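What follows is a single structure, written as structure tokens, with notes after it.
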Amino acid sequence: MPTVSVGRDCLYAALGKTYTQEEFEELCFCFGIELDDVTTEKAIIRKEKHLEEEGDAGDDEIIYKIEVPANRYDLLCLEGIALALRIFNKQQEMPTYRVVDISKGSMLQMHVKPETSSIRPFVVCAVLRDITFDEASYNSFIDLQDKLHQNICRRRTLVAIGTHDLDTLEGPFTYELSVLVFVLEQFVKYLWSCYVELVFLFAVFPPSDINFVPLKQERNFRADELMKFYKSDLKLKKFLHIIENSPVYPVIYDRNRTVLSLPPIINGAHSAITLKTKNVFIECTATDLTKAKTVLNTMVTTFSEYCKRKYEVEPVEVIYSDGRSYVCPDLSVYNMEVPLPYISGSIGVSLEAEEVTCLLNRMQLRAEKSATNDNQCNIKVLVPPTRSDVLHACDVMEDVAIAYGYNNIPKRKPASVKPLPLNEFSDLVRLEIAMNGFTEVLTWILCSRKEISSMLNRKDDRTEAIIGNPRSSDFEVVRTTLMPGILKTVGHNKDHPKPIKIFEVGDVVLLDEKKDVGAKNRRQLAALSCGATSGFELIHCLVDRIMEVIGTPFVPVGDITGYYIQRSDEPEFLPGRQASIIYKRKRIGIFGIVHPEVLNNFDIPDPCSFVEIDIESFL
């Protein structure tokens, strides 16, 4: 979940109200966000510089770190959080975002060259006119871009944002690809070595120099030089791989061939935004048009409140060489019809339509009651451009639940939810074994092949389910017995005071051609006692107690009304000190003293007695 750092005093000023920390935590909880941490500017600077003692590295401004939902891009900055909380507290009506109504002839234009389709085919743009920045809003403007780049933009691989001082530029703009000079030079050398006539090369592939002063630099760089220069930059080097190995780079020019940006790496210093900037040109290049529109809408809706004409955005026409064109941003709302019974039924509270519409209005969703032809009551929801997270009726229902308050929803146990008989039985077995002094353990269901074969003195008959392309030899197969996990647990805790008495109730997987997946799960019980006095009679007593609790009597051999034991000869147990458990003429388990060779394989120095039973057989 993204965490947004905001100054406490700035946030309270934007909210128009001061809160205690406890009051603000309660407000965040009610709205569905969380106050994750409270720190200071000094503490953050000390942490970044790895300083232990306090110094004069910063002021004492209190910083709130607020955790917001990952899909609420409108809450990634102070402005978005403050607006949402003001509307939630009914301090402000929801704003209406508008696109300036101007003719296409008066619009700024972005011309997209066809070759851009090979690397970043989409671009969307907008203009914020007569904007006024102060230091706090300017920093928030930059921080929002960084947060979006890390979140929906997927580290600039899907979308890259460029913001520019429009007064330093002249439209129309062009978005195109330029062939790298150094790539052409290498190609020229290759062709020269092959004695190929170079005139045709330059006629077909004219080299276009990308030469400009990048942001926060003072000298010109060529594109290939920039790639080398930013390899040592901690922030930008992680984005170089996106286009570094491409033979062409995307670049945006204005009418005078001034470089605005080299997306997705860096903007040009010529059009850098400052506190004095009055008109902001925003461009987003992307490989995903939908996400690009979401990012642009988030940027312009959030900071249009600082414009002279609040919540108003100037559009830009994007024109492709094949004749296609569109105007952006698209700040229109879209309608959703959500049945009232669906909302009430999902939340578990009977709500009237008027109450639901009021709750949705507090969550920045305009809503009104509507009726269908079958007299079913629906809620008509108008989703604004800020709420790109609302995609389905369940999203509307969730917002109603948040505004209503999860703590206000009565707790109830759904009648249809009942545990499976096997799980109920397993819990009863667990309880009984624990009351006999055994401690439950939980081991991996995956193991190595040798752990269920050679380490147990068994032959590898290849009857286990095999893991395709395992990450390590420790997880090659699915266990067919609980014994290796129990023995490994004892081996890793051999210095623990004796006796060690542990058990596990878990699944094993057995091959079964009758199943559609070729295998089946079986619920097993395994218990082990490790110590100097761990003999056959001790584990035999546990078997008798389990059967007594289950209600299965001990019967003569051949009787199917209960269980009996027979001599067995399994290699993992000591000969003559082991027995099979027979129930309804089927072998359902085995117990005995573990063979010394097996104990040695698992590095266990003390004698162990062990039992494993298929408890699913009793159901």
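Leaving out ligands, DNA and RNA, and with a 1.4 Å probe, what % of the accessible surface on region 421-618 is carbon or sulfur? Present the calculation step by step, with values, prior to reporting the outcome.
Working: 5330 of 10280 Å².
After summing per-atom areas, the C and S share lands at 52 percent.
Can you give the Rg to Rh ratio of the chain, both from alpha-carbon atoms, with Rh computed by the Kirkwood formula? Please list the in-between numbers first.
Numbers: Rg = 34.7 Å, Rh = 30.9 Å.
Radius of gyration over Kirkwood radius for the chain works out to 1.12.
Starting from the Cα of residue 257, step 7 Å along the direction of its Cβ; do the same at residue 540; then give the gap between the two resulting points in nm.
For the pair residue 257/residue 540, the computed spacing is 9.9 nm.
Take peptides 68-81, 582-595 and line them up by average Cβ neighbours within 10 Å, highest first, as a rough protection proxy.
68-81, 582-595
Go ahead and run the numbers for FRET between residue 96 and residue 21, Cβ-Cβ distance against an R0 of 25 Å, rounding to 0.05.
Computed FRET efficiency for residue 96 and residue 21 comes out at 0.15.
How much length is gained on full extension from residue 424 to residue 60, taking 0.36 nm per residue of separation minus their Cα-Cα distance?
Stretched out fully, the residue 424 to residue 60 stretch lengthens by 125.4 nm.
For region 421-618, would you read off the P(r) tail past 22 Å as a percentage of all alpha carbon pairs?
Result: 47 percent of Cα pairs exceed 22 Å.
What is the packing order of peptides 123-130, 604-611, 252-259, taking the mean over residues of other C-beta atoms within 10 Å and listing the highest first?
123-130, 604-611, 252-259
Helix 421-435 versus the longest principal axis of the chain: what angle, 0 to 90°, nearest 10, using Cα atoms?
60 degrees
Measure off 7 Å from each Cα along the Cα-to-Cβ vector at residue 115 and residue 89, then give the distance between these two points in nanometres to one decimal.
5.5 nm
For Cα pairs less than 8 Å apart in space and 6+ apart in sequence, what is the mean separation divided by the residue count of the chain, i.e. the relative contact order in percent? Before the final figure, lay out each step's value.
Numbers: 1115 pairs, mean separation 72.0, N = 619.
12 percent.
Compute the angle between helix 483-492 and the longest alpha-carbon principal axis of the chain, please, reported from 0 to 90 degrees and rounded to the nearest 10.
That works out to roughly 80 degrees.
Which shape class, rounded, prolate or oblate, goes with region 63-158 when its Cα gyration tensor gives a ≥ b ≥ c as root eigenvalues, a/c under 1.5 marks rounded, and past that a/b bigger than b/c marks prolate?
Judged from the Cα gyration tensor, region 63-158 comes out oblate (a/c at least 1.5, b/c at or above a/b).
Just want to confirm a number: the relative contact order over region 343-408, from Cα pairs under 8 angstrom separated by 6+ residues, in percent.
32 percent.
For the pairs 113/147; 90/293; 494/584; 450/494; 42/293, note any where the Cα-Cα span goes beyond 32 Å. Can you show the working numbers first?
Numbers: 113/147 29 Å; 90/293 29 Å; 494/584 38 Å; 450/494 21 Å; 42/293 38 Å.
Where the Cα-Cα span goes over 32 Å, the pairs concerned are 494/584; 42/293.
Classify region 1-44 as rounded, prolate or oblate from the Cα gyration tensor: take a ≥ b ≥ c as the square roots of its eigenvalues, call it rounded if a/c is under 1.5, otherwise prolate when a/b beats b/c and oblate if not. Can you show the working numbers first?
Numbers: a/c = 1.71, a/b = 1.14, b/c = 1.50.
Because a/c hits 1.5 or more and a/b fails to exceed b/c, region 1-44 counts as oblate.
Could you work out how much longer the chain between residue 510 and residue 474 gets when fully extended? Use 0.36 nm per residue separation minus the Cα distance between them, nm to one decimal.
11.1 nm
Across region 527-544, in residue order, what do the Karplus-derived ³J(HN,Hα) couplings come to in whole Hz, using 6.51 cos²θ - 1.76 cosθ + 1.60 with θ = phi - 60° and x for Gly and Pro?
These are the phi-based 3J(HN,Hα) values: 9, 9, 10, 10, x, 4, 10, 7, x, 4, 5, 5, 6, 5, 4, 5, 4, 4 Hz.
For region 343-408, rounded, prolate or oblate, judged on the Cα gyration tensor with a ≥ b ≥ c (square roots of eigenvalues), a/c < 1.5 rounded, else prolate if a/b > b/c?
On the way: a/c = 1.65, a/b = 1.08, b/c = 1.52.
Verdict is oblate for region 343-408.
Taking amide hydrogens as modeled 1.01 Å from N in the peptide plane, which residues meet the under 5 Å criterion relative to residue 62, leaving out close sequence neighbours?
Here 8, 9 satisfy the definition.
Kindly rank 425-436, 264-275 from highest to lowest mean number of other beta carbons found within 10 Å of each residue.
By packing density, highest mean first, the sequence is 264-275, 425-436.
Taking the simple approach of a point 7 Å from Cα along Cα-to-Cβ for both residue 617 and residue 29, what is their distance in nm?
5.2 nm
Treating only the Cβ of Lys, Arg, Asp and Glu as charged (+1, +1, -1, -1), what charge dipole size does region 421-618 show about its Cα centre? Round to the nearest 20 debye.
240 debye
What angle, in degrees between 0 and 90 and rounded to the nearest 10, separates the Cα long axis of helix 393-404 from the longest principal axis of the Cα atoms of the chain?
The answer is roughly 90 degrees.
Nearest 5 is fine: what % of DSSP beta bridges in the chain come out antiparallel, could you say?
90 percent
What residues from region 269-296 fall in the zone where the backbone N is under 16 Å from a label point 7 Å along the Cα-to-C-beta line of residue 154?
Under 16 Å, as judged by backbone N against the label point of residue 154, lie 285-295 of region 269-296.
In region 237-349, what percent of the accessible surface is made up of carbon and sulfur (1.4 Å probe, ligands and nucleic acids excluded)?
About 50 percent, which is the carbon plus sulfur part of the accessible surface.
Between region 501-565 and region 135-167, how far is it from one alpha carbon centroid to the other, in angstrom?
Between the Cα centre of region 501-565 and that of region 135-167, the gap is 62 Å.
Please give the contour-minus-distance gain from residue 142 to residue 272: 0.36 nm per residue of separation, less the Cα-Cα distance, rounded to one decimal in nm. The partial results should precede the final answer.
On the way: separation 130, 0.36 × 130 = 46.80 nm, distance 1.16 nm.
Fully extending the segment from residue 142 to residue 272 adds 45.6 nm.
Determine the per residue accessible area of the chain with all protein chains present and a 1.4 angstrom probe, expressed in square angstrom.
51 Å²
Choose one of 160, 27, 407: the residue whose Cα lies farthest towards the positive end of the charge dipole of the chain (beta-carbon charges +1 Lys, Arg; -1 Asp, Glu; about the Cα centre).
The listed residue farthest towards the positive side: 160.
The values are calculated or read from the model by the stated rules, or taken from the named source; none is laboratory data. Treat the numbers as computed from the prediction; the structure is a model and nothing was measured. Cβ: placed from backbone, ideal geometry, glycine included. Neighbour counts: every protein chain shown. Only protein heavy atoms, including side chains, enter the accessible area calculation; ligands, DNA and RNA are left aside. Shrake-Rupley method; radii C 1.70, N 1.55, O 1.52, S 1.80 Å.
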